[in-house]
Every structure is written in C-alpha cells, then in structure tokens.
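Scroll down for the structure; my scribbles are underneath it.
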Amino acid sequence: MWVKPSFLRHHGLLGMNRRNVQYINAYNSRDLYPLVDDKLKTKLLAVEYDIATPTLRQVVRAQHEISHFRDRVKDLPGFAIKPSKGSGGKGITVIERQDGDSFFKPSGSAVSIDHLSRHLSNILSGLYSLGGKTDVAIIEDLIVNDPDFAKLSHQGVPDIRIIVFRGYPVMAMLRLATQASDGKANLHQGAIGVGLDLSTGQGLHAVQYSKRVRNHPDTGLALLEIQIPDWFEMLRLAARCYDMTGLGYIGADLVVDKHRGPLLLELNARPGLAIQVANGVGLRPRLEHIEKLPRVKERAVDRVKYAMDVFSDPHYLPRPLAPVAGPTSTKRVG
Amino acid sequence: MNKQLPFYLAVALLVIAGLAIATLRHNELNVPLTPGVEQTVWQVEAKIEFQAYGDPVTASLALPDQPPGFRVMSEQSASPGYGFSTIQKGGIRRGEWSIRRANGRQTLYYKVQLITDPSATPAPPEQPPVATGNSYWSEPEATAAEGLINQARETSSSPESLARELIKLLNNSESNQNAALLLAQQSTAEVLVRLLNQAGVPARISMGLQLEDARRNQGLLAVADVYTKDGWITFDPRTGDQDTPENLLLWQRGGSSLLDVLGGRRSTVSFSMLQQTVPAQDLVQSQSYESGFSRFSLYHLPLEEQGMFKILLLLPVGALVVVFMRIIVGFRTSGTFMPILIAVAFLQTSLVPGLISFLSIVAVGLLLRGYLSRLNLLLVARIATLIILVIFITSFMALLGYELGISSGMTVTFFPMVIIAWTIERMSILWEEEGAQEVLIQGFGSLFVAVLAFSAMQWRYISHLSFNFPELHLIILAMVLLMGQYKGYRLSELRRFRFLAKD
C-alpha cells in the first residue's frame, strides 16, 4: 500500500530529499561537520561549553595501545567502547560488568578480552568510520539507568532524540528497546518510538515498526503516560548544542543518568526522518515556522520557552488516537 | 525562485548546447543518430591495358570528380613501377601514371571507393559555358540538323525541353529521315550534343558507368550533359530520362579524352565494381576529415583508447541510473557507486555469467570471511587476505568454466577485485550488526541497480549515442543537476510513511 504525495505534503511530512537540500545543506556548514562526526571532538567541545556528557575514561589511538586497554578498564564497573567517527550507532560495544576474563554485554552474553581487542583494532582501522578513514576508539562510562527510566525499556538505556533547528528544539522522541529489537534502540529493528509533547515531555503518539501502539509489547507500559523527568533541562541541553557547534539542523541524542541527570550522548548532523513516524506528524510546519523567524534568540532558555509555547498549538500536533485501538502486537507487519 | 533562475538557465543551456552540437555533428559529419544505419559503398576499379614499346610511358585517365549522387571516399592506384599522381588540368581531374621505360603488356589499376549520397552535387562551374556554335556538318547533314532543331524548337520552351524533344526525335529515327541521316555516322549522344550546341544550348558528352554489383569488364556509356539554369543536367540519350539515373556514376564530365597513352598502343580501359554495405558508423570512422569540428570526434584516437572511451563514456549513463534510483526512487545500495562498477563488469562479462560469477564470488567470499573473523586479524590484513582469496576464487572459477567449456568463466576477471573484497567485508559486518535481512536488502539493492544500469549502458542506442555524440553527456549532466535539486518525496517514502495515513 502506498500513500499519495499530496497526503504527505498535506501532513507536512519532510522527505529525505528536501531534508538534504533545504535543511542539511542550507543550515549545516561543511566545515562544522567534524565537530559532530568525531565523537571525541564533540565530547571535548561539550566539556568546554559545560554540557554534560558521559565521562571519558580512555582514548585508544594506536594499535599498540590496545595492550594497555585491559589494565586501564580493570577498575571500571561497566563501560562503552565507541568508534569516534562512527555513525548510526555502528561499532558501539557496551560492557555492563566484568568478571575475571569475561566481559558481559547487557544481553548477558560474555565476550573475551581478545574479542574486545579485535573490536578496538577494527575501530582503529576505520571499519566503522565514514569513508573508512582511520579512527580512534573512545571508552567512556556506562550510563546508569535512572530508576524512573529503567522501567520504560525492555533492556538497555532509553534515549531521547531531539531535533534542534536554528537552536530551537522542534521535535522530540523517546526510543525504547524491545525484545524484538534485541536491546537496540533502532526503530527499524523493532524498537519503540514515542513522540514527545515538546511543551510537557509527555508521550503523545507511539509506534513500533511504524504502526501505532499504546503499550510496550514486553512490559505492557502505557506509552502515552510516559513523562520525561527534567524535561526543560533536556530541551535546554539540546538547544545549547546549537551554540556549541553552530550547526543549524542537528539531532541531539540525550540520556538520563541516575546520578548526573540529562547527558548528551552524541550529535548527528544528518538526523533521520523516523522521528516523524514516532510523532505521527510531519516536521515541515515546525521547521517552516522557525525558518520564518527573523532573528534567533540569543539565550537557549528563551528559545526553549518559545518552542514549548509555539509547538503546543494543536496545529502542530498529531491527530488524537482513535478511541478503540487494536491490540498491540510485537509481530512485524509489512 | 529568483535565486534558482540562473541554475535553471544553466541547465537549459546545457541541454540546448548538447542538442545543438549533436545536431551539428549529425548534419555536418553525417554521423548516424541510430546504430546499424548502413550505407552503400561502391568499389570501382578501372583497369588500363596497353602495349608499351620500350619508351617512356605516360598514361593519363580521366577520374571522377565530385560525381553527382556520390562522394569519393578514398582512391588508390596499383601499378608496379609507375609513378602516380592526380592532377587538375583545365578543371578536369586526371590520374597520371609515368615510367621511364616499359616494354610489353602493361596493366595499371585505379581503384576508388564511393559512397552513395543523394545530396552530393558537383560544384557549379565558375562561369557559364558557351555553346560551341556551328558544328562541322556535311551539306546534307547540316540541312537535316537544321530541320530537327526547328522541329524540336516548336514544341519546347527551355533548354531541358529542347533536349527532351530532340531525344524523342532521334529515337524515332525510323519515321524521321533527318534523324536517320545524322545517326548513320554517329552515336545518339554525339548527335544530340552537336544539335544542342548548334541550337545555342551548351551541351557536352559525359561518360557514365552503370553500377551493378560484381560486374567486370564494363565500359562507359555516353550520356549528354545539358547546361541549364540549374547547372549541368544529365540526359540519357536512349530514354530521355533527365537527371542522373540511380547507380549511374558519371566518371568523366566534359570534353577531353577518357584515356591518353603516350608510348603505348592498343590501350583499353575496363571497369569492374563491387557493392558493399558498410555500417555508416564505420564510414565516419574511416573518413578523416581535417575540418575543425570533426577534430572532436573520438574516432581520431587510436583504437585501443577508443575502446576505453567507449566504456568510460557509458559511466555517466550508469551514474544517471544510480542518481535516479537513489533520489527519485529511494533504493538502498551498499556503497554509492558500486552498482556502476558492477554494471561495467557486466558489460564485459554479459549479464547472466556476470551475475552468477558475482553472486558466487561474494557468497564464497562471505563464507571464507566468516572463518577469517576467527583468526583475529587486523582489518587491513583481513581485507588484503580477502583480496587474495577473491582472486583465488576467480581463478578457480575461470578454470572450472574452462573445463566445463564455458569460456565466460574467464571474464570474471573484469570485476574490480578490491571493491569486491571491501563489499564482502562490509556485508559481513552488516550481517553481524544488523542481521542477514539488511545484507540481503542492500546486496540485492546494489545488484538490482547494477542490472538496471547495465541494461541502460548496453542498450545499443545508448552505447551508440554516448560514443558518437559525447556532447549528449551535457544533457545527462543537466538531468543529474536537476535531480540534485529535487526536493519532493522519494517513491520509497510513499511506502515508508504509509502508516501515517491510518491509525
């Protein structure tokens, strides 16, 4: 089944081509890309701008440093290995705990130190980097799931993607791993996307495999009752990433740490369009509203307040869910 | 919209320039627009034979010079020991053979290749010729001629109609005493030309060759050239047909003798001919014009480089397909332009063997890569190993193909090995991280786009146009530029967002 282009246009859906030409090319200056394409750079910059990120523990820059890796992660309870120039979550390995020679992933499966060494070596060779350039591996602290948050997701840490346009947050979604998604937060692999009300941080609309759902398939949690804690702070954090990078159109991925509160996980200069599916509403009206503003407010707080105010207008919101919803299902359809 | 105006102007300009240059090339150089257009080429050989006395010999033969309806493509002479040159003498082109000393029977050859070209017309004479006036008739003949001319004049209004009327009268010689008298001594063509000249219409005898495939020892036919306001018009004195009949090659026009031999006797000329149909493209190729425009023809390159450019110039077509499939349709492929490279390889292997080879190499490669991952190699070493293995696999398949009698097994070498090795590596990682489904989607996406690009590239019209009209690439460029500006939805998005249409 297909939809008519006129339908998508009417609902303000942003297509890939328009996103590339009209927003990414027009608002993201090429020379700024390395700031977000290189996670190490983003991290160092974030420290400079006082934006909270997971603590950096170690950087592995050369093959010979891999041998020291073991000693240096010995005392860490858990950690994440990431390629600095990776994209789309490729090459990220999360270790929840270690026991002797075994490292345990969130799924419970154990891997050996050899496996991790090879993974590091692959990262350095540029296997996960854009264009195959040589890379460095960064090792950072594991995020400790906030108890309020832990109950949302089947496993793994739920993260929040906020699209920031000219410094204004314009759309947000929460991504929840499910059994079907194997602990990953990728929507196309079966994770749940929950569109969030920008003004309140509350669930508005939720989808799994692009189909509307009311409850988490594994936990039965009512998705539209989700309320993100520290919502204003999260939006402010995302909005400040604009000041930090100068990129006009970005996707900020945030998590909530039990001890440290909202943290910036990574930035994306080419955020995807699935957020529209999760929100059940298109991005274009919101982007066009911001585009028409003659001047960008200087302070992030003012921009956040403005966005919260403007985008609570029903004009920008999805249609309410039909009174009787079909049974939620974990089965993939289509 | 104003900001976009220069862009659209530039695009329009590219299209116009491409079309204009292509049209020019088509019109000026006769490069055919479609492949497989064939043109008739006549090979005509004049054989001159004579007996030499042992003295210096000069043989001079009238040569065809811009005959109407034909274009001279090339000419050669074969005559051992003789010097040969073509000279223009009194507006007539002649070939001259010369030798210091020759004895006995001599045979000289002149060979010319002619293309039929209905639009070819000889250049008009610089100044209108003058009728030679009174001919030397004997007394009774003069009266007969006078009578014929008067009779024809009454029923004609122009030089052409006069010629036609005279031909009619001459061909009715049984009932016409005057005509019978004149024709007793001379041929119809001669009489006709003399009568016309006497009537004040410039006329001359031309010698034509009736072209018929694979005829030998043919002689020339005399026809009459009559000068009208449209230039020289040829009349067949036997039938009265105006204009050069098809397949009549006017070998010699105007006056002088067909063959002069100094220092020899019993000279004869005979003609043999052969008809060939040659792809029009080959003709363009073999004709090396020196005019400025044709210098841009790729046919001037050595053959080896031409072959390379033939493929190189197809790449934009492949790129166009990829751009279309990605921007308008929204296909996912592994590696942006990898489908083009696969498609180029298919061009050399042909489709089915290419597909089978590609799939089996990648499949075997993936299996081996699965084992390699246990060896704990560094990435660069692993890719290098894969490259070597891929070459082994291809060699093995070539051998296997050879043993089985399928020679196309050999052609898998055209695949870009390094790219295949990288593809295997990336697919293997993709398999581990995203699962087999994603590998299949991207793998078959790439293959599908490659097959599409291949189909476009090997379509004979496209391969013909891309090489013979390289300027058409400006249009491809314009299309790519336009698609680069396309902001609408991709076809795949109409499916991707279909769930928004319902709850």
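In what sequence, highest mean first, do B:78-87, B:389-398 appear when ranked by Cβ atoms within 10 angstrom?
The most tightly packed comes first, giving B:389-398, B:78-87.
Could you run the Karplus curve 6.51 cos²θ - 1.76 cosθ + 1.60 with θ = phi - 60° over the stretch B:469-486 and give me ³J(HN,Hα) per residue in whole Hz, x for Gly and Pro?
Couplings: 10, x, 5, 5, 5, 4, 5, 4, 4, 4, 5, 5, 4, 4, 5, x, 9, 5 Hz.
If you roll a 1.4 Å probe over the stretch B:303-497 with all protein chains in place, what percent of the accessible area is carbon or sulfur?
74
Can you work out ³J(HN,Hα) from phi for every residue in the stretch B:170-181, in order, using Karplus 6.51 cos²θ - 1.76 cosθ + 1.60 and θ = phi - 60°, giving whole Hz and x for Gly and Pro?
Those phi angles translate into 5, 6, 9, 4, 5, 9, 10, 4, 4, 5, 4, 4 Hz.
For peptide A:281-292, compute the average count of partner chain beta-carbon atoms within 10 Å of each residue's beta-carbon. Provide the component values of the computation, followed by the final result.
Values: counts 1, 2, 0, 0, 0, 0, 0, 0, 0, 0, 0, 0.
Average neighbour count from other chains, rounded to a whole number: 0.
Please give the net charge around B:LEU195, taking every other residue with its beta carbon less than 12 angstrom from that of B:LEU195, where Lys and Arg add +1 and Asp and Glu add -1.
-2
For chain B, what does the relative contact order come out to in percent, with C-alpha contacts under 8 Å and a separation of six or more?
Details: 786 pairs, mean separation 95.9, N = 503.
Worked out over chain B, it gives 19 percent.
Expressed as a rounded percentage, what relative contact order does the stretch B:303-497 have, with Cα pairs under 8 Å and six or more residues apart?
Here the relative contact order equals 41 percent.
Mind ranking A:226-238, A:56-68, B:482-494, A:280-292 by how tightly packed they are, going by the mean number of other C-beta atoms within 10 angstrom, highest first?
A:226-238, A:280-292, B:482-494, A:56-68
So who's got an amide H within less than 5 Å of the one on B:THR228, skipping anything under 5 residues away but keeping other chains? H placed 1.01 Å off N, in plane.
Those qualifying (amide H under 5 Å, at least 5 residues apart or on another chain) are B:ILE233.
With a 10 Å radius around each residue's Cβ, average the other Cβ atoms per peptide and rank B:95-105, A:10-20, highest first.
Highest-to-lowest ranking by the protection proxy: A:10-20, B:95-105.
Hey, any idea what % of the stretch A:55-141's accessible area is carbon plus sulfur with a 1.4 Å probe?
Numbers: 1780 of 3830 Å².
The C+S portion of the solvent-accessible surface of the stretch A:55-141 is 47 percent.
Using the Cβ atoms and a cut-off under 13 Å, what net charge is assigned to the surroundings of A:ASP71, where Lys and Arg are +1 and Asp and Glu are -1?
Its environment carries a net charge of +2.
At a probe radius of 1.4 Å, what is the per-residue accessible area of A:PHE104, in Å² to the nearest 10?
Here the residue's solvent-accessible area equals roughly 40 Å².
What does the accessible area per residue of the protein assembly as shown come to in Å², with a 1.4 Å probe and no ligands, DNA or RNA counted?
Averaged over the residues of the protein assembly as shown, the accessible area is 47 Å².
What is the stretch A:42-176 by shape, rounded, prolate or oblate, if you read a ≥ b ≥ c off the alpha carbon gyration tensor as root eigenvalues and call it rounded for a/c under 1.5, prolate for a/b larger than b/c, and oblate otherwise? If you can, show how the numbers build up before the last one.
Working: a/c = 1.84, a/b = 1.27, b/c = 1.44.
In terms of gyration-tensor shape, oblate.
Cut-off 10 angstrom, C-alpha nodes, Gaussian network model of chain A. Which of A:ASP31, A:ASP50, A:ASP159 fluctuates the most?
Residue with maximal mean-square fluctuation among A:ASP31, A:ASP50, A:ASP159: A:ASP31.
Please list B:LEU404, B:LEU452 from largest to smallest accessible area, probe radius 1.4 Å, with all protein chains kept in place.
B:LEU404, B:LEU452
Run the numbers on chain A and let me know its relative contact order in percent, using alpha-carbon pairs under 8 Å that are six or more apart.
Averaging sequence separation for qualifying contacts and normalising by length gives 19 percent for chain A.
Once phi is turned into θ = phi - 60°, what whole-Hz ³J(HN,Hα) does the Karplus curve with 6.51, -1.76 and 1.60 give for every residue of the stretch A:62-77, x standing for Gly and Pro?
9, 3, 5, 6, 4, 5, 7, 3, 3, 4, 7, 9, 3, 8, 7, x
Would you work out which of B:GLY354, B:GLY335, B:LEU482 lies farthest towards the positive end of the dipole of the stretch B:303-497? Charges go on Cβ: Lys and Arg +1, Asp and Glu -1.
B:LEU482
Is the C-alpha gyration tensor of the stretch B:303-497 telling us rounded, prolate or oblate? Criteria: a/c under 1.5 is rounded; beyond that, a/b larger than b/c is prolate, otherwise oblate.
Note, shape of the stretch B:303-497 comes out oblate.
Whose amide H sits under 5 Å from the amide H of B:TYR486, counting only residues 5 or more places off or on another chain, with H placed in the peptide plane?
Correct list: empty.
So who's got an amide H within less than 5 Å of the one on B:ASP241, skipping anything under 5 residues away but keeping other chains? H placed 1.01 Å off N, in plane.
Correct list: B:ASP236.
Using a 10 Å cut-off around each Cβ of peptide B:430-440, what is the average number of partner chain Cβ atoms that fall inside?
Per-residue shielding by partner chains comes out at 2.
Classify the protein assembly as shown as rounded, prolate or oblate from the Cα gyration tensor: take a ≥ b ≥ c as the square roots of its eigenvalues, call it rounded if a/c is under 1.5, otherwise prolate when a/b beats b/c and oblate if not.
Prolate shape, in that a/c is at least 1.5 and a/b is the bigger ratio.
Counting only helical runs of four or more DSSP H residues, what would the 222 nm mean residue ellipticity of the protein assembly as shown come to if each run contributes -39,500 (n - 2.57) and the total is spread over all its residues?
Rounded to the nearest 500, the figure is -11500 deg cm²/dmol.
Quick one: check the C-alpha center-to-center distance for the stretch A:212-258 versus the stretch A:1-68, whole angstrom.
About 16 Å separates the Cα centre of the stretch A:212-258 from the one of the stretch A:1-68.
Determine the total buried accessible area between chain A and chain B, counting protein heavy atoms only with a 1.4 Å probe; round to the nearest 100 Å².
Numbers: alone 15840 and 27400 Å², together 39570 Å².
Roughly 3700 Å² of accessible surface disappears when A and B pair.
Let me check I've understood the local charge: for B:LEU386, count other residues with C-beta under 12 angstrom from its C-beta, Lys and Arg +1, Asp and Glu -1. What total comes out?
Neighbourhood net charge equals +2.
Quantify how strongly other chains surround peptide A:121-128 by giving the mean number of their Cβ atoms within 10 Å of each of its Cβ atoms.
4
The values are calculated or read from the model by the stated rules, or taken from the named source; none is laboratory data. On a predicted model such as this, the values are computed, not experimentally measured, just so you know. Neighbour counts run over all protein chains shown; Cβ positions are idealised from the backbone, glycine included. Remember, those area values only see protein heavy atoms, side chains included, never the ligands or the DNA or RNA. Shrake-Rupley method; radii C 1.70, N 1.55, O 1.52, S 1.80 Å.
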